[in-house]
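Okay, handing you the structure first.
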Amino acid sequence: MSAPVSIIDLESWHCRRVVQEAPALYCGQPKAFGTSWCEACCAKVYSREGLERIKFAAAHPRKLERVA
């Protein structure tokens with residue numbers, strides 16, 4: 001597990017969940033399921049059903065059809 005990161009050190013792949021308010025620190029784990037949060041933070045924030053929906057959507061992306 002990586003240490004929390006400051007906003008200055010935050011990379012595009014880091015989890016965006018705030019784990020400390022002042023000074024603000026972010027989780028810093030790799031994002032998961034196409035969300036802004038890692039798997040562990042998703043599990044803390046979403047209900048069991050919501051997490052299953054997110055996992056399913058990430059595993060089965062929809063292809064949008066272009067309408068002429």
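The values are calculated or read from the model by the stated rules, or taken from the named source; none is laboratory data. Because the structure is predicted, anything quoted here is derived from the model rather than measured. As a convention, Cβ positions derive from the backbone with ideal geometry for all residues, glycine included, and neighbour counts pool all protein chains shown.
Considering segment 54-66 alone, what residues qualify as being among the basic types (Lys, Arg) and over 14 Å from the mean Cα position of the chain (by Cα)? Spell out how you get there, then give the answer.
Here is the first cut: in segment 54-66, the residues among the basic types (Lys, Arg) are 55, 62-63, 66.
Passing the criteria: 62, 63, 66.
Exactly one condition in (1) among the acidic types (Asp, Glu); (2) surrounded by 10 or more Cβ atoms within 10 Å (Cβ to Cβ); (3) not in a helix (DSSP H, G or I) is not met by residue 65; state its number.
(2)
Return the residues of segment 2-32 that are exposed (fewer than 13 other Cβ atoms within 10 Å of the Cβ), in contact with a Gly (Cβ under 9 Å, 6 or more places away or on another chain) and not small (Gly, Ala, Ser); say none if nothing qualifies.
Scanning segment 2-32 gives 9, 11.
Which of (1) at pLDDT below 95; (2) loosely packed, with under 13 Cβ neighbours inside 10 Å does residue 35 not meet, given it meets every other one?
Answer for residue 35: the failing condition is (2).
State which residue is nearest to residue 6 (Cα to Cα) when the search covers only segment 19-54 and only residues that are among the charged types (D, E, K, R) and in a loop (DSSP other than H, G, I, E, B).
21
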